[in-house]
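Novice: There's a structure below that I have some questions on.
The values are calculated or read from the model by the stated rules, or taken from the named source; none is laboratory data. Keep in mind it's a predicted model, so treat the numbers as computed, not measured. No Cβ is skipped: glycine too gets one built from the backbone with ideal geometry, and neighbour counts run over all protein chains shown.
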Amino acid sequence: MLYHWYELNHAMMAPLRAAGQWQHWWLDQAFHPFANTYPAKVMRAAWDVFDSLTKRYAKPSFGLTDVLREGETHALHEEVVLSRPFCQLRHFRRSGLEGGADPKILMVAPLSGHYATLLRDTVAALAPNHEVYITDWIDARNVPLLHGPFTLEDYIGYLLEFIRLLGPDTHVIAVCQPGPAALAATALLAADDDPCQPATLTIMGSPIDTRLSPTEPNRLATTRPLSWFEQHVIMQVPFPNPGVMRRVYPGFLQLGGFVSMNLDRHMAAYRKHFNHLVVGDGDSVSAHRKFYDEYLAVMDLPAEYYLETLKVVFQEHHLPRGLMQYRGRTVEPARIRQTGLLTIEGELDDISGIGQTQAAHTLCSGLPAELHEDYIQPGVGHYGVFNGSRWRREIAPRIHRFIRAHPRSCAG
C-alpha cells in the first residue's frame, strides 16, 4: 500500500510542479519587469529546489563519448552484447583500438539501489587501456512478472555466463556489493577447472566478511530478523509499471535510507544550492545538479535477491563460514589457484569497514603468495574507492599494473 501512496503522491505533485516550472519560466524572461529583482531570484530558486526534490529521476546515461590514449582521441561507443531480463552486458567499444591487444575487464556493478552509471568515473579511468564491459542492471519495476524471480544464485549465474562469454584471460572487477558473488563465481569456475577462470579478480570496498569492523549499515542488517524486513520493506510494484505485481525492495525506501545516514550534510547541500541559485553561481549549481541527478536516481531491487543477500551476506555470513551454496554446490574459494586477487579498501569507508574486503585473501588460501595483493587507500571513504581524483590518480593505475602483471591465467 505504501508504494501506491508513493505513486499517488507523485501524481498529485505533478500539477504543482507544472505550475512551478511555468512560474520559473515567466520570472526568467528578460521582458519581465521584476526579473532581475531579489524577490524574483528567490522565487525562481525556491521553485527550482521544489522541482528537484519532488520529481522522479530517470536512469542517467554514462555519457562517455571518447577516450584519450597517448595523446590521441578515440571515439567510445556503448553497445549491448548480451541482454537478459534483469541485466544487460554493456561494452564500451573504442574506435581504432579494436583487435584484442588490451586486457578485457568485466566490471561488476552493484545491484544495491543506484544504477551502474554510478561507475561512470570508474569506467572512464580504465577505458583508455582496457576493453571494458559492465553489468548494467535493470530496474525490477520494469521487468514483467512473466520473467520469474531473481535470486542471489541467479546473480551468480549471470556472472558465470558473462565471464564465459568474454572467454579466457578476462579480468573481473567487483565494486562494493557484488564482491561475494564475484568471488563465488570465480571459485565455481576454479572448482570446474574451467578455461575461462578470470586472470585476475579485483574486489573493492566489498562485504566479504561483515563480522570484521562492522559499520552502521552492517549493524542495521542484523538488528531485526529477516521476517521483519520481508514484512516492512518488501512491496508489490503497482500498475501501470511493466513489473506490476512483482515483489521488490522499492528504490524510494532505499533512497530514504541513503539520505538518513547523512541527513545534515544533504540539508546543508540544498541550502547552499538555494543560495547559489539566488546569486547566479552557475558552476556550483551545475556541480550540485550533476551529483544529485545521479544520487537521487534509484531502482527497485527484486525481493528474492534483496532478502537472500541480507541473509547470506549480512546476517549469516555464509561465504566466510564455508556455508555458501550455488545450485546445491558448496562454494569453495580455496579452490582458486590461478586467479590473481587484488583487494582495495578506503581508509574512511563507513559502509564496508577495513578488513571486510581483505577477508577474501584468507578465504583464497590456495593462491600462491605472488597472486595476492592488498591495498588501503588513505583519506577516502566508500565512494572514493572508485570515484574521484584519488581513484583516478592512485587506485586506477594500481589496478592497471596488477592486471598487466597477470596477463593470462595458467589455463590459457
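Novice: Using beta carbons and a limit of 9 Å, which pairs, at least six apart or on different chains, have the first residue in the stretch 361-384 and of a type in the set (Phe, Trp, Tyr) and the second one assigned to a loop (DSSP other than H, G, I, E, B) and modelled with pLDDT of 95 or more?
Specialist: Tyr383/Gly205
Novice: Output the residue which, of all residues in the stretch 71-93 that are of a type in the set (Gly, Ala, Ser) and in a strand (DSSP E or B), is nearest to Asp136 (Cα to Cα). Even if it seems obvious, please write down each step before you answer.
Specialist: Here is the first cut: in the stretch 71-93, the ones of a type in the set (Gly, Ala, Ser) are 71, 75, 83.
The next check asks that each one be in a strand (DSSP E or B); those that pass are 75, 83.
Working: Ala75: 21, Ser83: 10 Å.
Step by step, filter the stretch 71-93, then rank; the result is Ser83.
Novice: Here is a follow-up. Quick one: in the stretch 63-85, of everything that is in contact with a helix residue (DSSP H, G or I) (Cβ under 7 Å, 6 or more places away or on another chain) and modelled with pLDDT of 95 or more, which residue is farthest from Gly148 (Cα to Cα)?
Specialist: Here the answer is Leu82.
Novice: Can you tell me how many residues in the stretch 50-70 are surrounded by fewer than 16 Cβ atoms within 10 Å (Cβ to Cβ), outside any loop (DSSP other than H, G, I, E, B) and in contact (Cβ under 8 Å) with a residue 12 or more places away in the chain?
Specialist: 4
Novice: Among the residues of the stretch 202-244, which ones are within 30 Å of Arg401 (Cα to Cα) and either modelled with pLDDT of 95 or more or buried (at least 17 other Cβ atoms within 10 Å of the Cβ) (or both)? I'd like the intermediate steps shown before the answer.
Specialist: First, the residues of the stretch 202-244 that are within 30 Å of Arg401 (Cα to Cα): 202-210, 212-213.
Correct list: Thr202, Ile203, Met204, Gly205, Ser206, Pro207, Ile208, Asp209, Thr210, Leu212.
Residue by residue, here is whether (1) closer than 20 Å to Ala360 by Cβ; (2) in contact with a helix residue (DSSP H, G or I) (Cβ under 8 Å, 6 or more places away or on another chain); (3) surrounded by fewer than 24 Cβ atoms within 10 Å (Cβ to Cβ); (4) of a type in the set (Lys, Arg) holds:
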| position | (1), (2), (3), (4) |
| --- | --- |
| Pro149 | no, yes, yes, no |
| Asp154 | no, yes, yes, no |
| Pro168 | no, no, yes, no |
| Ala184 | yes, yes, no, no |
| Ala191 | yes, yes, yes, no |
| Ala199 | yes, yes, yes, no |
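Novice: Can you name the residue in the stretch 361-393 that is closer than 11 Å to Met204 by Cα and more than 17 Å from the chain's Cα centre (by Cα) and is also surrounded by the fewest Cβ atoms within 10 Å (Cβ to Cβ) among such residues?
Specialist: Looking only at the stretch 361-393, we keep the residues that are closer than 11 Å to Met204 by Cα, and these are 374-377, 382-386.
With the extra rule that they be more than 17 Å from the chain's Cα centre (by Cα), the set shrinks to 374-377.
Values: Asp374: 13, Tyr375: 18, Ile376: 16, Gln377: 21.
Only one residue fits best here, namely Asp374.
Novice: Out of the residues in the stretch 97-121 that are among the β-branched types (Val, Ile, Thr) and crowded, with 21+ Cβ neighbours inside 10 Å, state the one that is nearest to the chain's Cα centre (by Cα).
Specialist: Step by step, filter the stretch 97-121, then rank; the result is Val108.
Novice: Name every residue in the stretch 281-323 that is charged (D, E, K, R) and part of a loop (DSSP other than H, G, I, E, B), in order of residue number. Outline the logic, then answer.
Specialist: Of the residues in the stretch 281-323, the ones charged (D, E, K, R) are 281, 283, 289-290, 293-294, 300, 304, 308, 311, 316, 321.
Asp281, Asp300, Glu316, Arg321, listed by residue number.
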